[in-house]
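What follows is one structure encoded as structure tokens, with my remarks underneath.
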Amino acid sequence: MKPVLLLSDLHLADERANSAGAFHAFAAGPARAAGAVYILGDLFDSWIGDDQLREPFAANIVQALRGIADAGVVLSIARGNRDFLLGEEFARATGATLLAEQAVADLGGVATLLTHGDELCTDDHAYQRYREWMRDPVHRRRLLRLPYRLRRRIAAWMRTRSRSETARKPESILDVNAAAVEEALRRHRVTRIIHGHTHRPARHELVVDGVRCERIVLADWNGRGHYLEIGDEGLRNVDIDG
């Protein structure tokens, strides 16, 4: 069986050359030998609309993704908090399927809930209010109608503000909420959840309604790449350089 590869929080941007190099190495190598590739959000450090496809950096990333899909690999991409404006034009260009906020897939014989994970950080009330506002379809349409250059400036301002606010928040509210995780597992009737967003890679065991469950947190890409491989020999974490 060909392995399934999962990755998240690449935060690809022109100024992050090492991460971009690692992604191109991943896309040209391990990804093309996989049965399926799941990117669970924040592929880009920011995505301000599918007209970003015209930018050379974005176009190179899209071409690499298209190469994965054209190799016969099932390619699925979730929207993250940085690239929630990924749209259908992006999906057509890459040959990828855009995942729902929470999606269930059979991975290695285990029904697994896949999500970016930011909706599980319910203790951060300010962020959840912002998230609800930004993902409202009306607000999304209004944002996408703004001139491209203005959207670029807004995205830069939002990244700066996000870093500042995150630095001031207590660590306890930046992680997922245990009750939110349990509710998601219960609602989707699965025993495993895989997500990113928190940049706290780990494997957690928990018990929900008397059933042993597992929560796997994917690593973020900070100068080098990381992905989770699910194959015949089980699960293993793999690093990849540019």
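Annotations for the structure displayed:
- Cα shape, the range 4-240, gyration tensor, a/c 1.5 rule: oblate
- Charge-dipole axis of the range 93-194 as Lys and Arg at +1 and Asp and Glu at -1 on Cβ define it, positive-most pick from Leu174, Leu114, Ala155: Ala155
- Among the GluC sites (Glu not before Pro) in the range 100-164, those placed in a DSSP loop whose Cβ has at most 14 other Cβ atoms within 10 Å are Glu101.
- Fewest-first ranking of Leu53, Leu75, using other Cβ atoms within 10 Å as the exposure measure: Leu53, Leu75
- Length gained when the stretch Ala100-Arg168 is fully extended (0.36 nm per residue, less Cα-Cα span): 21.4 nm
- Between Ala33 and Trp133, the contour length at 0.36 nm per residue exceeds the Cα-Cα span by 32.0 nm.
- Approximate spin-label separation Leu206-Glu233, in nm, with each point projected 7 Å along Cα-to-Cβ: 3.0 nm
- In this simple spin-label approximation, Lys2 and Phe57 carry label points 7 Å from Cα along the Cα→Cβ vector, and these lie 3.0 nm apart.
- Cβ crowding within 10 Å ranks Ser164, Ser76 as Ser164, Ser76, fewest other Cβ atoms first.
- Note on the chain: antiparallel DSSP beta bridges, both residues inside, total approximately 55 percent of the bridges counted.
- Residues Thr94, Thr191, Thr198, Thr160 arranged by fewest to most Cβ contacts within 10 Å: Thr160, Thr191, Thr198, Thr94
- For the range 4-240, the Cβ-based charge dipole about the Cα centre amounts to some 860 debye (Lys, Arg positive; Asp, Glu negative; other atoms uncharged).
- Per-residue [θ]222 nm for the chain (sum of -39500 (n - 2.57) over DSSP H runs n ≥ 4, rounded to 500): -11000 deg cm²/dmol
Here, each number is a calculation from the coordinates, and none is a lab measurement. This one's a predicted model, so the numbers in the text were calculated from it and none came from an experiment. Heads up, the Cβs are rebuilt from the backbone with ideal geometry, glycines too, and the neighbour counts pull from every protein chain shown.
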